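Heads up: the structure comes next, in structure tokens.
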């Protein structure tokens, strides 16, 4: 009986992973066939290249890399990732395929995780496109490997959070423009406005604003510091928005 139970549990886990992987492959394939994804990649590459090039000309290569990660990369991601996520569920709602999707043996959680991972894989391709910049620095100067790893971890967590937020708003409306505007507004507020407002107040309001400021938590990764508090913030925030997205998709099943 125990062996049978273990076999059933293993089969269920394999089915879950297969469903998530299938959804991930589906979304990743859709990205490579989407002109919007190529437009996003073009804006991203142009923006990061321009920021690194101008920074190198003014301050030197090593300083330009820090400037790129500390400010410009954050700003660019606030703009481009909502465009990357806007169609993930909104398109399903607009076309009516979300109802068809809900009739196949796949759970809402598997749908959401598959779409999230599909966007994350595409985002990893975008991050990989930054590889020439540290290589150039290593060729002409000293490159701090630990700092680079911390930068990479920070960008991975930052992008994952932005994608989770964008995925949630994509599940809230069938209009992609509305989804991208809502995502942009929330990300801009959580990333820049909270940090700016924190400088204008004192006491517990300042501490609260700093605690919810995405950019504040991201800064230490740019400086080469990995703090448990920042890891908890990003992981819990990502999980929270994915949970909200699952609940939002579940509402569609019971309408």
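Where a number appears in this text, it was derived from the coordinates with a stated rule and is not lab data. Because the structure is a prediction, the values reported are computed rather than measured. Cβ atoms come from the backbone with ideal geometry, glycine included; neighbour counts cover every protein chain shown.
The stretch between residue 131 and residue 185, if pulled fully straight at 0.36 nm per residue, gains 16.5 nm over its current Cα-Cα span. Cβ crowding within 10 Å, taken as a proxy for footprinting-reagent exposure, orders 97, 24 from fewest neighbours to most as 97, 24. Footprinting exposure proxy ranking of 34, 90, 67, 236, fewest other C-beta atoms within 10 angstrom first, gives 236, 34, 67, 90. In percent, rounded to a whole number, the relative contact order of the stretch 2-253 is 25, using alpha-carbon pairs under 8 Å and six or more apart. P(r) for the stretch 2-253, from all Cα pairs and a bin width of 5 Å, is 1, 6, 12, 16, 17, 15, 13, 9, 6, 3, 2, 1, 0, 0 %, short bins first.
Site pair residue 252 and residue 140 shows an inter-label distance of 4.9 nm when each label is modelled 7 Å from Cα along Cα→Cβ.
For a label point 7 Å from the Cα of residue 32 along Cα→C-beta, name the residues of the stretch 111-125 whose backbone N is under 16 Å from it. Once the point is set 7 Å along Cα→Cβ of residue 32, 118-125 turn out to lie under 16 Å by backbone N, inside the stretch 111-125.
Taking other Cβ atoms within 10 Å as a rough exposure proxy, 110, 12 sort from fewest to most as 12, 110. Remark: the residue 107-residue 124 segment gains 3.6 nm on full extension, using 0.36 nm per residue and subtracting the alpha carbon distance. Using 0.36 nm per residue and subtracting the Cα-Cα separation, the extra length available between residue 223 and residue 177 on full extension is 13.0 nm.
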